[in-house]
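Visitor: Sharing a structure below in C-alpha cells format, with a few things to ask.
The values are calculated or read from the model by the stated rules, or taken from the named source; none is laboratory data. Quick caveat, the model's predicted, so the values are computed rather than measured. Cβ: placed from backbone, ideal geometry, glycine included. Neighbour counts: every protein chain shown. Calculation scope for accessible area: heavy atoms of the full protein, side chains included, ligands and nucleic acids excluded. Shrake-Rupley method; radii C 1.70, N 1.55, O 1.52, S 1.80 Å.
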Amino acid sequence: MGGVEGRGDETAAVKYKITLVPGDGIGPEVTTATTKVVEAAGVDVEWEVIDAGAVALERHGAYLPDSLLESIRRNGVALKGPVTTPIGGGFTSINVTLRQQLCLYANFRPIRNLPEVKTRFGDVDLVVIRENTEDLYSGLEHVVVPGVVESLKIITADASTRIARFAFDFARRKRRKRVTAVHKANIMKLSDGLFLECVREVAGLYPEIEYEESIVDNTCMQLVLDPQQFDVLLLENLYGDIVSDLGAGLVGGLGLVPGANLGEDCAVFEPVHGSAPSIAGKNLANPTAMILSAVLLFRHLGEFEKAQRVLSAVEAVYRGGEALTSDLGGKATTTEFTEAVVQHLVN
Ligand code: NAI
C-alpha cells in the first residue's frame with residue numbers, strides 16, 4: 001500500500017470504484033458535500049454506498065453489515081463519514097471493529113493551519129501517527145465483581161514495531177526531521193516500556209531522523225504552548241486518539257482535520273471528528289475535514305493533480321473568507337461552503 005502521499009503516477013481517465021460510508025449524524029451532510037466536490041474536480045469515481053451505524057441498524061438490522069467489510073476488501077479503499085457509538089454495553093464501536101477486521105494498523109492525521117483560519121499559532125505542521133489495532137481499544141473488559149471492572153491494555157512487540165516502521169518510513173519519504181514517541185512508560189513500565197523498546201530499535205535503523213521520547217501529559221502541555229516544536233508524533237491507540245483531537249484544536253477545530261486508516265491491503269479515509277449529533281441535519285457542519293480526507297484518498301490512488309486542485313480550492317475559500325461555517329465564526333451553511341469550493345474548481 002503506497003501511503004497517503006501517493007503511490008504512483010497519475011493515470012488519466014481512470015474510473016475508481018470506492019466504498020462510500022455516509023455514516024450518521026452529520027455524516028451524510030459532509031459526505032454529500034465531498035462527493036459534489038470530487039465530481040467538480042473531475043475525478044471519475046463510482047461510489048459504492050454502504051450504510052453503517054444507526055442508519056444501518058434501522059434499515060438492515062445490523063450496526064456493521066457484512067456487506068461493508070466485503071465492499072472495502074473488494075475495492076481496497078473507502079471514504080467514511082462518522083458513525084455514532086452509543087455509550088454503554090451492547091455495542092462494539094464500528095470504527096474499532098473496522099480497523100481491527102481490516103487490519104488498518106496505522107492511523108494518519110496531518111495537522112496543519114488553513115489560510116486565514118484564526119488560531120493561537122501559525123505554521124503548525126505536525127503529523128499524528130497512531131497505532132490503530134490494540135492498546136485499551138482491544139475491547140477486553142469484564143466485571144471482576146460488582147463495582148470492580150477490569151479493562152485490558154494490550155501492547156505487542158509486533159504491532160509496536162509495525163507502527164514504528166510506518167512512522168519512520170513516512171518521515172524518511174517526506175524528509176521529516178524528527179519522530180517523537182509519546183508514552184507513559186514511567187507508570188506503565190511493562191506495556192509502554194515494550195512500546196518504547198520496539199520504537200527505539202526501529203529508530204536505530206533511521207539514523208538521519210532525530211528521535212525523541214516524551215511523556216504524554218507533558219506532550220499535551222508542550223503542544224498547547226509550542227506546537228511548532230513537533231514534527232511526527234508516534235503514539236499508541238488511546239494517547240493518539242486524545243492527542244489528535246488536541247491537535248485539531250490547535251488549527252481551528254474538528255471540522256478541519258482529515259485522517260486515514262491504512263493497512264497492507266485496504267485504506268479507509270475519514271475525518272477525525274465524530275457524528276456531532278447536536279448539529280446533525282441542520283446544514284451547519286463544516287465539511288472541510290471530510291473533503292480533505294478525500295484529498296488524502298486521491299493522493300493514495302496517485303491522483304496527485306486532482307488532489308491538489310481540491311486542496312487549492314478549499315484553501316482559496318478560506319483565503320477569501322467568504323464562506324466560513326459557524327464553527328469558525330461564519331454564517332455559511334454546509335451547502336454554501338461546498339458551493340464556494342465547487343465554484344473555485346469549475347471556474
Ligand atoms: P464530535 O467530533 O462528534 O463532536 C465534538 C464537537 O465538535 C461538537 O461540538 C461538534 O458539534 C463539533 N464538530 C465535530 N465535527 C464538526 C464539523 N464537521 N463541523 C462543525 N462542528 C463539528 O465528538 P463527540 O461529540 O465526542 O462524538 C459524537 C459521536 O461520534 C459519538 O458517538 C462518538 O463515538 C462518535 N465518533 C465517531 C467517530 C468516527 O466515526 N470516526 C470519531 C469520533 C467520534
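Visitor: If R109 satisfies all but one of (1) over 23 Å from G302 (Cα atoms); (2) within 15 Å of the ligand (Cβ to nearest atom); (3) modelled with pLDDT of 95 or more, what's the number of the condition it fails?
Guide: With respect to (1) over 23 Å from G302 (Cα atoms); (2) within 15 Å of the ligand (Cβ to nearest atom); (3) modelled with pLDDT of 95 or more, R109 is out only on (1).
Visitor: Inspect all residues belonging to the range 324-334 and state whether any of them is of a type in the set (K, R) and without any contact (Cβ under 8 Å) to a residue 24 or more places away in the chain.
Guide: Looking through the range 324-334, at least one residue is of a type in the set (K, R) and without any contact (Cβ under 8 Å) to a residue 24 or more places away in the chain.
Visitor: Tell me which residues, restricted to the range 265-314, are open to solvent by 30 Å² or more (accessible area, probe 1.4 Å) and charged (D, E, K, R).
Guide: Within the range 265-314, D265, K282, R299, E305, K306, R309 meet the criteria.
Visitor: Counting just the residues of the range 125-149 that are farther than 30 Å from D66 by Cα and over 17 Å from the mean Cα position of the chain (by Cα), which one comes out most open to solvent (accessible area, probe 1.4 Å)?
Guide: Looking at the filtered set, the residue picked out is P146.
Visitor: Could you pull out the residue among P110, P115 that is open to solvent by less than 30 Å² (accessible area, probe 1.4 Å) and under 18 Å from V272 (Cα atoms)?
Guide: So the residue among P110, P115 that is open to solvent by less than 30 Å² (accessible area, probe 1.4 Å) and under 18 Å from V272 (Cα atoms) is P110.
Visitor: Moving on to the next point. It is to be established whether one or more residues within the range 94-101 are free of Cβ contacts under 8 Å to residues at least 12 places away in the same chain and more than 30 Å from A323 (Cβ to Cβ).
Guide: There is no residue in the range 94-101 that is free of Cβ contacts under 8 Å to residues at least 12 places away in the same chain and more than 30 Å from A323 (Cβ to Cβ).
Visitor: Please determine whether any residue of the range 22-37 is within 16 Å of the ligand (Cβ to nearest atom), within 21 Å of G255 (Cβ to Cβ), at pLDDT below 85 and in contact with a Ser or Thr (Cβ under 8 Å, 6 or more places away or on another chain).
Guide: Within the range 22-37, none of the residues are within 16 Å of the ligand (Cβ to nearest atom), within 21 Å of G255 (Cβ to Cβ), at pLDDT below 85 and in contact with a Ser or Thr (Cβ under 8 Å, 6 or more places away or on another chain).
Visitor: Ok, one more. In the range 248-347, which helices (runs of 4 or more DSSP H) lie fully inside it and hold 3 or more residues that are near the ligand (Cβ under 10 Å from one of its atoms)?
Guide: 288-300
Visitor: Filter the range 193-217 down to residues that are of a type outside the set (A, V, I, L, M) and either in contact with a Pro (Cβ under 6 Å, 6 or more places away or on another chain) or part of a helix (DSSP H, G or I) (or both) and give me whichever is farthest from G240 (Cα to Cα).
Guide: Out of the qualifying residues, it is E201.
Visitor: Give me the residue from the range 190-232 that is more than 15 Å from A159 (Cα to Cα) and aromatic (F, W, Y) and, out of that set, surrounded by the fewest Cβ atoms within 10 Å (Cβ to Cβ).
Guide: Filtering the range 190-232 for residues that are more than 15 Å from A159 (Cα to Cα) and aromatic (F, W, Y), the one surrounded by the fewest Cβ atoms within 10 Å (Cβ to Cβ) comes out as Y206.
Visitor: Could you tell me whether the range 167-184 includes any residue that is in contact with a Gly (Cβ under 6 Å, 6 or more places away or on another chain) and assigned to a loop (DSSP other than H, G, I, E, B)?
Guide: Among the residues of the range 167-184, not one is in contact with a Gly (Cβ under 6 Å, 6 or more places away or on another chain) and assigned to a loop (DSSP other than H, G, I, E, B), which makes the answer no.
Visitor: Considering only the range 109-124, how many residues are without any contact (Cβ under 8 Å) to a residue 60 or more places away in the chain and either outside any loop (DSSP other than H, G, I, E, B) or touching a strand residue (DSSP E or B) at 6+ places or on another chain (Cβ under 6 Å) (or both)?
Guide: Looking only at that region, the number is 0.
Visitor: Still on this structure: In the range 232-247, which residues are over 18 Å from F166 (Cβ atoms) and near the ligand (Cβ under 9 Å from one of its atoms)?
Guide: Hit for the range 232-247 is D245, nothing else.
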